[in-house]
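Colleague: Here you go, one structure.
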């Protein structure tokens, strides 16, 4: 096995495998490592919108992902208090459909696809323990295999793609630029026998201080997530004592007047309810001398806005684009870092701010409720609202449309 590569990627799930693929196609020799072995599951919001389906198609992996039987869908039903926004996602990058593939399938397929590239060497079960440096520049990694064997590898660049609790990010001491803590605890379960009316679709509910999301997913299941305020000690205690009972009771009492409680009543939990109690919406410095970050290691956002999967793919593409602009990386670290940060901000920062608003336990104002009802009443506004999620349009474009509709209603 080689000991030196152009790039070492730490973390081989969505962002890491996508980056290894993109870099190999750009002519770089890549070492891809992960502390896990595949297949393995991980707690995640694993939905892909049309824009990310287009990227998966470009990578040549979409057909294999669809062979898992994960259903495609076009429709979303979003209920904000008494406003029900029901519509289809607009076309983007030639795609009109979405899908929500379970990570146990997704990560294995992406890892195998990346590992099959001629310029990619991959190691499962390798835990990074430190980075190597020459003066201030990161030059490689040190780590240990599951059998206890210690190894070191060097590279011109080391990339952290190892998630929101990134080890690589801590080792290189990336600066945290923005951080907004959530007000919510989140719990997730997979259910069989969850039946919707009409076309299969994604569901999102925000009723008072509780939020819920539902996606059709792989293996004839629906993934159900609920969020309630962290400060609510009663619900926290109930989830600690009996997660399934608490989840069902919270949905029954917290979402009256919606079809959600009855649909879940008839469904059967498959596996365990898992929770994420408190997290920060973070935005980090994405590159330094000899290192970079992609995916959740760069920026983690509230899972309720469902941006993690496509941001992982976008960051892999953006970093690859930056690297291909320069022949001599060592002479241009500062310039490359500034370019990478700027491009990531242009692509992802508006939705990071959207997640930071969503993550706070704040009731809708009277003005917001009026806007929600306006969106529900106008198909054009519904398409533009859903288009924020799949990058068919930017939040600013949606705001201009809503402003025009409000002005028309007032005239």
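Colleague: Restricting the search to the stretch 1-27, which residues are out of contact with any helix residue (DSSP H, G or I) (no Cβ under 9 Å at 6 or more places or on another chain) and surrounded by 24 or more Cβ atoms within 10 Å (Cβ to Cβ)?
Modeller: 8
Colleague: Considering only the stretch 160-197, state which residues are over 25 Å from residue 360 (Cα atoms) and assigned to a strand (DSSP E or B).
Modeller: 160, 190, 191, 192
Colleague: If you don't mind, there's one more thing I want to ask. Need the failing condition index for residue 215 against (1) out of contact with any helix residue (DSSP H, G or I) (no Cβ under 7 Å at 6 or more places or on another chain); (2) more than 13 Å from residue 186 (Cβ to Cβ); (3) surrounded by fewer than 17 Cβ atoms within 10 Å (Cβ to Cβ), just the number.
Modeller: (3)
Colleague: For the stretch 284-299, which positions are buried (at least 24 other Cβ atoms within 10 Å of the Cβ), touching a strand residue (DSSP E or B) at 6+ places or on another chain (Cβ under 8 Å) and not in a loop (DSSP other than H, G, I, E, B)?
Modeller: Of everything in the stretch 284-299, those that are buried (at least 24 other Cβ atoms within 10 Å of the Cβ), touching a strand residue (DSSP E or B) at 6+ places or on another chain (Cβ under 8 Å) and not in a loop (DSSP other than H, G, I, E, B) turn out to be 287, 291, 292, 293, 297, 299.
Colleague: Sticking with this one: Being in a helix (DSSP H, G or I) and in contact (Cβ under 8 Å) with a residue 40 or more places away in the chain is the requirement here; does residue 24 meet it?
Modeller: Taking the combined requirement at face value, the residue satisfies it.
Colleague: Continuing with this model, one more query. Consider residue 327 against the criteria (1) out of contact with any strand residue (DSSP E or B) (no Cβ under 7 Å at 6 or more places or on another chain); (2) under 27 Å from residue 77 (Cα atoms); (3) assigned to a loop (DSSP other than H, G, I, E, B): it satisfies all of them except one. Which criterion is unmet?
Modeller: Every listed condition holds for residue 327 apart from (2).
Colleague: Can you tell me which residues in the stretch 318-343 are within 29 Å of residue 46 (Cβ to Cβ), surrounded by fewer than 19 Cβ atoms within 10 Å (Cβ to Cβ) and touching a helix residue (DSSP H, G or I) at 6+ places or on another chain (Cβ under 8 Å)?
Modeller: Within the stretch 318-343, 321, 343 meet the criteria.
Colleague: Residue check, residue 240 against (1) surrounded by fewer than 21 Cβ atoms within 10 Å (Cβ to Cβ); (2) touching a residue at least 24 places away in the same chain (Cβ under 8 Å), all met but one. Which one?
Modeller: Condition (2) is where residue 240 drops out.
Colleague: Given the structure, is residue 314 touching a strand residue (DSSP E or B) at 6+ places or on another chain (Cβ under 7 Å), at pLDDT 95 or above and in a helix (DSSP H, G or I)?
Modeller: It is false that residue 314 is touching a strand residue (DSSP E or B) at 6+ places or on another chain (Cβ under 7 Å), at pLDDT 95 or above and in a helix (DSSP H, G or I).
Colleague: For the stretch 114-127, check the following and say yes or no: at least one residue is closer than 24 Å to residue 211 by Cβ and within 20 Å of the chain's Cα centre (by Cα).
Modeller: Taking every residue of the stretch 114-127 in turn, none turns out to be closer than 24 Å to residue 211 by Cβ and within 20 Å of the chain's Cα centre (by Cα).
Colleague: Where in the stretch 49-127 are there strands (runs of 3 or more DSSP E), lying wholly inside it, with at least 3 residues that are under 26 Å from residue 162 (Cα atoms) and modelled with pLDDT under 95?
Modeller: Per the criteria, no element qualifies.
Colleague: I'd like to verify a number: residues in the stretch 31-48 that are touching a strand residue (DSSP E or B) at 6+ places or on another chain (Cβ under 8 Å) and either in a loop (DSSP other than H, G, I, E, B) or surrounded by fewer than 19 Cβ atoms within 10 Å (Cβ to Cβ) (or both), how many?
Modeller: Result for the stretch 31-48: 7.
The values are calculated or read from the model by the stated rules, or taken from the named source; none is laboratory data. Fair warning: this is a prediction, and the values are worked out from it, not measured in the lab. Cβ atoms come from the backbone with ideal geometry, glycine included; neighbour counts cover every protein chain shown.
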